[in-house]
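Below is one structure, written out as structure tokens; comments come after it.
The values are calculated or read from the model by the stated rules, or taken from the named source; none is laboratory data. As the structure is a computational prediction, the values presented were derived from the model and not from experiment. Glycine also receives a Cβ, built like all others from the backbone with ideal geometry; neighbour counts cover every protein chain displayed. Just the protein is used for accessible areas: all its heavy atoms, side chains included, with ligands, DNA and RNA removed. Shrake-Rupley method; radii C 1.70, N 1.55, O 1.52, S 1.80 Å.
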Amino acid sequence: MLDIKIERATQLKPLPEENNPLEFGTIFTDHMFVMDYELGKGWYDARIIPYQSLPHDPAAMVFHYGQEMFEGLKAYKTDDGRTLMFRPDKNIERANNTNHRLCMPSIPEEDFMQALKELVKIDERWIPTKEGTSLYIRPFLYATEAYLGVRPSRNYKFVIILSPVGAYYPEGLNPVKIWVEETYVRAVRGGIGEAKAGANYVASMKAQEIAHEEGYSQVLWLDGVEHKYIEEVGAMNIFFKINGKIVTPKLTGSILPGVTRDSCIKLCTQWGYEVEERRISVDELQKAAEDKTLEEVWGTGTAAVISPVGELKIHNQVLKVADGGIGPVSQKLYDTVTGIQLGKMKDTMNWTIEVK
Ligand SMILES: *Cc1c(COP(=O)(O)O)cnc(C)c1O
């Protein structure tokens, strides 16, 4: 058990207005969790303190060599007033895989879980209850040693902040248009693509900017070597329903192993669909679109849960997905995952963990 010191905020912030839509990632709660690490000493000084800026030495290694990882998960309020987190154990496991890849210290799983629960509990009043809303949880860890030279830092900070977030699609599930990027790449096998690191996002911003200019909301990445095989979308994994089968790119090292991805594979398999994790080429998608066998496309990620895709732009060609609407599998996945998250549907997979 961590001995978490608690310093409560003396002045609590006003909660956001119930009826104002919450813009993702703009409002933060009253408290944050912080813990420090020093080589040879381990993690120390676990504390929950009022939400505040953190002082850093300008030579802190994170600013120069980018040793930083983050996670993202959500807590929900059920109709009967319970607080649930969705598969936090998977985020904790992935965080430590990322830490390992970035030469950063791991966090004992039970300590991580305790920190999540205690912080969410303290700021429980911030969990919004309107349809589609939740409390987004952002744990992150970064190098704080003041040193200019390339090697792993000897000091780190682990922080958790919370942000109430609104429905990703205020008007309901809406198909998005996706830009298939053929010049820039996000990650290559052997790189850090499978780690949830800020550095992967920096690599992706240029293409995202171009896609936005062209009127597309997200980038679909191709493999970094042949620029031929589908990888994933900005902050989402991708699924296709082709001729009755569900296919998603196999995790080969350059793709982020999403928790929502894993949940969708498990649900689709349970529903009797054949789910294939394999390579999917752009050519295959173009053929499927021509043959009218490209039945559904959707992205999966914590923020939007399920994001139906209505259109893909590849090689100056626009591929329309079925009739451009929301497919039945996308809709069923959305209803089931959010149903479980909100405690409205039976959690037969034991995916939710109650905060009490
Ligand atoms: C976080 C993330 C995802 C989605 O993962 P979830 O665990 O489902 O939220 C997908 N791709 C990238 C690059 C990510 O950073």
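Among residues of the stretch 224-235 that are open to solvent by less than 20 Å² (accessible area, probe 1.4 Å), none has a Cβ under 9 angstrom from a residue that is modelled with pLDDT under 95 and near the ligand (Cβ under 7 Å from one of its atoms) at a sequence gap of 6+ or on a separate chain. Number of residues in the stretch 84-101 that are within 9 Å of A195 (Cα to Cα) and within 14 Å of the ligand (Cβ to nearest atom): the value is 5.
Taking residues in the stretch 139-151 that are more than 27 Å from F28 (Cα to Cα), and partners anywhere that are aliphatic (A, V, I, L, M) and surrounded by fewer than 23 Cβ atoms within 10 Å (Cβ to Cβ), the pairs with Cβ atoms closer than 7 Å and at least 6 places apart or on different chains are A146/A59; A146/A60; Y147/A59; L148/A59. Against the numbered list (1) more than 17 Å from the chain's Cα centre (by Cα); (2) closer than 19 Å to L119 by Cα, Y76 comes up short only at (1). None of E71, E7, E23, E110 is open to solvent by 80 Å² or more (accessible area, probe 1.4 Å), acidic (D, E) and closer than 21 Å to A303 by Cα except E23.
Scanning the stretch 250-282 for residues being among the charged types (D, E, K, R), surrounded by fewer than 20 Cβ atoms within 10 Å (Cβ to Cβ) and within 16 Å of the ligand (Cβ to nearest atom) gives a total of 4. Screening the candidates K90, K41 for the property of being at pLDDT 95 or above and within 17 Å of the chain's Cα centre (by Cα) yields one hit, K90. Filtered by the rule that a residue be closer than 23 Å to E214 by Cα, hydrophobic (A, V, I, L, M, F, W, C) and either within 16 Å of the ligand (Cβ to nearest atom) or touching a helix residue (DSSP H, G or I) at 6+ places or on another chain (Cβ under 7 Å) (or both), the stretch 283-305 gives V297, W298, A304. Do we have T129 as assigned to a loop (DSSP other than H, G, I, E, B), of a type in the set (V, I, T), open to solvent by 30 Å² or more (accessible area, probe 1.4 Å) and within 28 Å of I230 (Cβ to Cβ) here? Answer is no for this residue.
The sole residue among I306, I314 that is over 19 Å from the mean Cα position of the chain (by Cα) and touching a residue at least 40 places away in the same chain (Cβ under 8 Å) is I314. Against the condition open to solvent by 10 Å² or more (accessible area, probe 1.4 Å) and within 16 Å of V180 (Cβ to Cβ), how does K332 come out, does it pass? Criteria not met by K332. The residue list V247, V225, V219, V185 contains one member that is within 16 Å of the ligand (Cβ to nearest atom) and more than 30 Å from P128 (Cβ to Cβ), which is V185. Considering A207, A211, A167, A203, the condition of being open to solvent by less than 50 Å² (accessible area, probe 1.4 Å), small (G, A, S) and under 29 Å from I127 (Cβ atoms) is satisfied by A167 alone. Scanning the stretch 48-83 for residues that are within 16 Å of the ligand (Cβ to nearest atom) and among the hydrophobic types (A, V, I, L, M, F, W, C) gives M69, F70, L73, A75.
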